[in-house]
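The values are calculated or read from the model by the stated rules, or taken from the named source; none is laboratory data. Treat the numbers as computed from the prediction; the structure is a model and nothing was measured. Here the Cβ positions follow ideal geometry from the backbone for every residue, glycine too, while neighbour counts run over all protein chains shown.
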Amino acid sequence: MSREESDDLVVVTGATGAVGRLVVAGLLAAGRSVRAVSRRPHRASLPQGAEVVFGDLDAPSTLAAAFDGARQLVLIAVPDTVEDVVTRARLAGVEHVVVVSSAAVTAGYDTTYHAIVEQAVRASGLAWTIVRPGEFATNALLIWGPSIRADRRVVEPFPDQIGHPLHEADIADVVLADLVDPHRRGRVDTIIGPDVLTKREQVAAIADAIGERIALDDVSPEQARSFYQAQGGFAAANADFLFGFESYDGVEGAADEPHATSAPDDAAYRTLAQVTGAPARTYRQWARDHSADFT
């Protein structure tokens, strides 16, 4: 690959995820060359024009072809291998890394996962930009989706907990801005959704989007944990943290999820409008965008 062909090449890890797919599509729309990394390239189903290659962040030796000739990298968190990954990226000629991290780093909850990735990239000698998303609105699909689809029901021990759920497209827009604008290098942006909503209000927004009533079962944390452990998947894997039985870093009995019933006043947390000037997408828009996923 010649230098002329590779100057605008961006490697996207996590390319088949909710955010990664949008980043790939946005780069292609901007006329950039995209190499999407997937452990299952034949199942990637990414937009036409993306080069899809095999690669696994858990096995950095598989990334040689992915990094070859690239100048920028979108990196998701795999702390156990991150030092090897960024070393290989630098040696391959990558110059700039956009890290998709977590607002839990800003809050001080995360010291062993995304924080480790951020530290490795900052120390790598590469130019960097860090995006720390808050609560993904898509968590509602992963946690509540199965019971809404099956029974139009949500099980929730903290119905009045306040959140700022964030449309995945807002996250992708910040990543895209960081990739195309060199003046944004060295930034750390913690982004949240524009709405201040309780869990109860989020369920109501989904019910409005699908046009059907959704029952909300107000249960104890112990009952919620049992329910979601039986459900399996993402909800089961995160039940102990979500319902106050362990910290974000996995320390049993050291819960740090606040389950707050009032909105924080902290300038570190910003919406898409405050970061890029583009209108932030509301939770109601997100619910409409995903109404079919709940039915």
Is the range 109-131 home to any residue that is in a strand (DSSP E or B) and of a type in the set (Lys, Arg)?
no
What are the pairs with Cβ atoms under 7 angstrom where one residue, in the range 82-94, is assigned by TED's automatic domain parsing to the domain that holds Ala127 and more than 11 Å from Gly125 (Cα to Cα) and the other, located anywhere, is β-branched (Val, Ile, Thr) and assigned to a helix (DSSP H, G or I)? Sequence gap at least six, or different chains.
Val82/Ile116; Val82/Val117
Which listed residue, of Leu57, Leu22, is in contact (Cβ under 8 Å) with a residue 40 or more places away in the chain and not in a helix (DSSP H, G or I):
Leu57
Are any of the residues in the range 153-160 surrounded by 17 or more Cβ atoms within 10 Å (Cβ to Cβ), among the aromatic types (Phe, Trp, Tyr) and either without any contact (Cβ under 8 Å) to a residue 12 or more places away in the chain or not assigned by TED's automatic domain parsing to the domain that holds Val34 (or both)?
yes
Considering only residues that are closer than 12 Å to Tyr283 by Cβ and of a type in the set (Ser, Thr, Tyr), which ones fall in the range 162-205?
Thr198
Single unsatisfied condition, Asp68 versus (1) acidic (Asp, Glu); (2) in contact with a Phe, Trp or Tyr (Cβ under 6 Å, 6 or more places away or on another chain); (3) at pLDDT 95 or above
(2)
Inspect all residues belonging to the range 96-106 and state whether any of them is over 20 Å from Glu135 (Cα atoms) and either in a strand (DSSP E or B) or in contact (Cβ under 8 Å) with a residue 12 or more places away in the chain (or both).
yes
From the residues in the range 242-295 that are acidic (Asp, Glu) and at pLDDT 75 or above, which one is surrounded by the fewest Cβ atoms within 10 Å (Cβ to Cβ)?
Asp266
Between Ala92, Ala50, Ala65, which is over 22 Å from the mean Cα position of the chain (by Cα) and closer than 14 Å to Val12 by Cα?
Ala65
